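Please treat every number below as a calculation from the coordinates, not as lab data. This one's a predicted model, so the numbers in the text were calculated from it and none came from an experiment. Here the Cβ positions follow ideal geometry from the backbone for every residue, glycine too, while neighbour counts run over all protein chains shown.
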C-alpha cells in the first residue's frame, strides 16, 4: 500500500516548471471528523464528493505590442487545449478578456455572446476571438483590474457552484492597484468559499527562462501570490519550446480536476497511513492503471477519486482514516 501511495505523487505535476499551491483551511467546507492520538477518522457521504456539474474559465491575455507571437501560439494550439473538454463532454463556459482596462470582453461574458459547450465549432470561435485581441492594448498591463471589471460588469457569467479557472498569459508584471488578496477575496464572494478556484500563469518571466519578456520575475510577485492561494495553482514559461503540449496538459488537468470527485483534507496526512474503505472493503490507492480508485494530491492536500464505480448509492458513506503528519517518525 505504501508503495502505491508514494507513486501517486508523480501524478501531482506532469509539466516542468509547475508550481503547486496548497489548500488553506479557510477555502473549503471540511467534513466533520474525529481526532484521537494523532489519527483522523471520517465518514463522508458519497453525494458530497461527487464531481462538479461544470466549469467556468476566463482567459486573461496580454494585448500589448510585444504579444503578437504569444497570441499566435494560442491560436495555433487552441484545439489541444479544448480537445479534452469536448472529448469528456464537459459543461464548460469560457470568457476571453485582455489586460487593457478600457477593452470590452472579447468573448463569452456579455449576454447574448455566451461561449460554452453548446456553441457550434467552438475551437474556431475561440481562435477568432484571440485573433481579435490585437497588439494595440495598453502597455501598462492590469490583468487583475480587467478581471474584476469584467466579473462586476457581467455577473451572470459565473454559474453557482461551478469551479472557476483563470488563465493568465502575459510577458509583463501585474501593474494594477488591486492586490492579490483583494482579487482573491472579491472572486470568493462571487463563487463561494468552498468552490474550486484554479490559477494558471503562462508568463514571460526572467526566472521562468523567458528573457523575451519585459524584465520581471515570477518569484515573490503578485502572480506567485495568486498561485499559492488558489485551490490549484501552476506557473509556466511563455517561452516553452512546446506550447501545444503545455496547453494540452493544462486542458487535460482542468478536465480531470472537474470530472473527478475529491475530498479536501484539513490536516497533512502520513502517506503510508491513508486508508479508504466502503462497506468494510478497502479501496486501493495508487495509479489508475493498477486498478486503484484514488490517489493523494499533495498540492491540493486532497484525495482524488478516479471514479466512484464502487457504488451507485449517493446516500452511502466512505470511511477515511489517516495519521496526521507531525514531522516525526514512529
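For each of 176, 153, count neighbouring Cβ atoms within 10 Å of the residue's Cβ, then give the residues from fewest to most. Present the calculation step by step, with values, prior to reporting the outcome.
Values: 176 20, 153 12.
The fewest-first ordering by Cβ neighbours comes to 153, 176.
Mind sorting 171, 212 by how few other Cβ atoms lie within 10 Å of their own Cβ, fewest first?
Details: 171 23, 212 12.
Listing 171, 212 from fewest to most nearby Cβ atoms yields 212, 171.
Using the 10 angstrom Cβ neighbour count as an exposure proxy, how do 214, 224 rank, fewest first? Provide the component values of the computation, followed by the final result.
Details: 214 16, 224 21.
The order, fewest Cβ neighbours first, is 214, 224.
Can you give me the Cα centroid spacing of the range 148-203 and the range 42-87 in angstrom?
13 Å
At 20 °C and 1.002 mPa s, what whole-number value in µm²/s does Stokes-Einstein give for the translational diffusion of the range 33-139, with Rh from the Kirkwood sum over Cα pairs?
Details: Rh = 16.3 Å.
Answer from the Stokes-Einstein relation: 132 µm²/s.
Could you list the residues of the range 93-110 with an amide nitrogen less than 12 Å from a label point located 7 Å from the Cα of residue 159 in the Cα-to-C-beta direction?
The answer is 93-94, whose backbone nitrogens lie closer than 12 Å to the label point.
Roughly how many nanometres apart are two label points built 7 Å out from the Cα toward the Cβ at residue 186 and residue 89?
According to this spin-label approximation, the distance is 3.9 nm.
Let me test this: with uniform point scatterers at the alpha carbons of the range 130-180, what is the Debye-based log₁₀ I(q)/I(0) at q = 0.16, 0.19 1/Å?
These q points yield log10 I(q)/I(0) values of -0.60, -0.82.
In percent, what relative contact order does the chain have, based on Cα pairs under 8 Å that are 6 or more apart in sequence?
Values: 696 pairs, mean separation 91.1, N = 330.
Relative CO of the chain lands at 28 percent.
Please work out the ratio of the alpha-carbon Rg of the range 55-259 to 2.2 N^0.38 Å and round it to two decimals. All intermediate terms of the calculation are to be shown ahead of the outcome.
Details: Rg = 15.4 Å, N = 205, 2.2 N^0.38 = 16.6 Å.
In units of the 2.2 N^0.38 Å rule of thumb, it is 0.92.
To the nearest 500 deg cm²/dmol, what mean residue ellipticity at 222 nm is calculated for the chain from DSSP H runs of n ≥ 4 alone, each contributing -39,500 (n - 2.57), summed and divided by the residues?
After summing the helix terms and dividing by residue count, I get -7500 deg cm²/dmol.
Using a Gaussian network model on the chain with a 10 Å cutoff between Cα atoms, which of 292, 302, 70 fluctuates the most?
Comparing 292, 302, 70 in a Gaussian network model of the chain, the most mobile one is 292.
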